[in-house]
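Quick note: the coordinates plus some simple rules give every number you see, no bench work behind them. None of the values given here were measured: they were computed from a predicted structure. Because the Cβ atoms are built from the backbone with ideal geometry, glycine has one as well, and the counts that use them run over all protein chains shown.
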Amino acid sequence: MGEGPESSFEISEFVSALERFKDRCERDGSEEELVGVLDLALRVSEGREEVAFAREHVRRTLVLSFADMRKLSRIAREIWEENYQEWYAISELMQAAGVASLGLGGRGAVSEQLAAAASQVGQIERARAAYADAFESLEVAARFSFGDEDHLRKTESSLRQGWDEIGERSEHSFELFDQVADDPAREWMDLIVWNSDRAGGEGLLAQVDAAQRLAVRFRHWSQDRGKTLAEIADQMRSLCASAAAGDAFLQTRYLATLGDALAEVGEWDAAARAFNDVRHPELGIGHPMGAHGLIQEAHCHFMLGDIETCRARLDSVDMSQLELLSDLVITVAAEVARYHSVARACRYWQGEDATPDTDEKIAQLLRRVGAIVSSSGEGNRTHYLRNLFFAVLIRDIEALKSVAR
């Protein structure tokens, strides 16, 4: 007698693909964080966990290695073939993990994956937000020449195709960076918090990505939407305290992020107001974040043509403390370079001769800061932040030098 049909194959004990991969990773000794992401994704897919809570948990408490992210990517591809809802759940958490652990290319890729997964399960608003995040990464990459042009063009083409597809499925017409809610100040404030890292460089390195991403949103803001960008920025200034939940350091970092983003798009007056708020009594006058606020505010007043106020802000910087710290903290060395660059430009426009050793001093500081730059490892979050920090610094100093030749 032949075998019955039920005995011709092995019946799996798992109904869920996510559960199967979680069990496999536990058995092969994978990192605890990776197993934790799979477990959270399983609970999200089954409705036992809110996706917003799960994303925040992954973003703020789990640190996944680049190898773990690659492994999750392989798992996600296999899950995609079996269950769209589970693919969407794991994509949500991979994107959250990517914010904390990946560079521009990696984050853009997981955001594009999330957009495709969300679209597949009918979550059009989530797909919109994910595509905007991916385009955000692309704009920052293009602005600072991260990645070759051919790759950036192919990435943009892929994103455009996906974006056009969800546009056809939506009941409403929308632009790429349209706000989801009616309160752009709060929405953008949420983006500052989400994109800010929780460590590194006394806050200066940790907020550079958030500032550049916010600047992308600012560039796409249309002034015919009822409020000017400066008016919205003033609202955001008042939201920084509540967003920081009483943490003076985080409050100043959020304000610095806002100011840096406004300066990126030439909103010098609004940026100066944000930088003026960066100085916080709890941090003390010698804190690097306070110095960043003073130097950047001086830069804003210089660009506004108010040379006297520019000089006054520079005179308020405790340079002895800053130079002492610059020997210990590489990002503070960058602030000293910024200080000398703004002061040099100021002296030029007041008809004063540049101090002979100023250019060499700036060059020495840039060589020190440049040591943090890595020619490889863009997929690593720390390497990416360092590269972006240095790229922004070089760009700003060269711009100041060009007006003081």
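Tabulated data for the structure shown
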item: Global form of segment 268-396, assessed from the alpha-carbon gyration tensor, a/c cut-off 1.5; result: prolate
item: Dipole of segment 15-169, positive end: most advanced residue of Phe146, Phe135, Phe66 [Cβ charges, Cα centre]; result: Phe146
item: On Cα atoms only, tilt of 104-120 relative to the major axis of the chain in degrees; result: 40
item: On Cα atoms only, tilt of 208-219 relative to the major axis of the chain in degrees; result: 90
item: About the Cα centre, charge dipole magnitude for segment 271-331 (Lys/Arg +1, Asp/Glu -1 at Cβ), debye; result: 140
item: Label-point gap, in nm, between Ala142 and Gln321 - each point 7 angstrom along Cα→Cβ; result: 4.3
item: Eligible aspartates and glutamates near Lys227 by straight Cα distance, threshold 13 Å, same-chain separation 8 or greater; result: Asp182, Asp183
item: Value of relative contact order over segment 15-169, rounded to a whole percent, pairs C-alpha under 8 Å and six or more apart; result: 18
item: GluC sites (Glu not before Pro) within segment 25-99, DSSP loop, no more than 14 other Cβ atoms inside 10 Å; result: Glu46, Glu50, Glu81, Glu82
item: Amide H within-cut-off set for Asn380, under 5 Å, with H built and near neighbours excluded; result: Gly103
item: Reachable lysines, given that their alpha-carbon falls under 21 Å from the alpha-carbon of Lys71 and they are not under 8 places away in the same chain; result: Lys22
item: Vicinal HN-Hα couplings computed from phi for segment 388-403 (Karplus, 6.51 cos²θ - 1.76 cosθ + 1.60; Hz; Gly/Pro x); result: 5, 4, 5, 4, 5, 4, 4, 4, 5, 5, 5, 5, 5, 5, 5, 9
item: For segment 260-266, Karplus couplings with θ = phi - 60° (6.51, -1.76, 1.60), whole Hz, Gly/Pro x; result: 5, 5, 5, 5, 4, 9, x
item: Proximal lysines to Lys361, defined as alpha-carbon separation beneath 16 angstrom and excluding residues fewer than eight positions away on the same chain; result: Lys401
item: Protection-proxy order for peptides 189-195, 126-132, 359-365, each taking the mean of Cβ atoms within 10 Å per residue, highest first; result: 126-132, 189-195, 359-365
item: Order of Leu324, Leu205 under a 10 Å beta carbon neighbour criterion, fewest first; result: Leu324, Leu205
item: Ranked Leu176, Leu214, Leu152, criterion: other C-beta atoms within 10 Å, fewest first; result: Leu176, Leu152, Leu214
item: In nm, spacing of pseudo-spin labels at Arg160 and Asp190 (7 Å Cα→C-beta vector); result: 3.0
item: Crossing angle, helix 229-244 versus the chain [Cα axis fit, 0-90 degrees, rounded to tens]; result: 70
item: Mean-position separation - Cα centroids, segment 71-100 and segment 319-383, in angstrom; result: 42
item: Using θ = phi - 60° and Karplus 6.51 cos²θ - 1.76 cosθ + 1.60, couplings along segment 82-98 (whole Hz; Gly, Pro as x); result: 10, 8, 5, 5, 6, 4, 5, 4, 5, 5, 4, 7, 5, 5, 5, 5, x
item: Virtual spin-label span in nm between Glu125 and Glu171, 7 Å along Cα→Cβ; result: 1.2
item: Taking His151, His299, His287 and counting other C-beta atoms within 10 Å, the order from fewest to most; result: His151, His287, His299
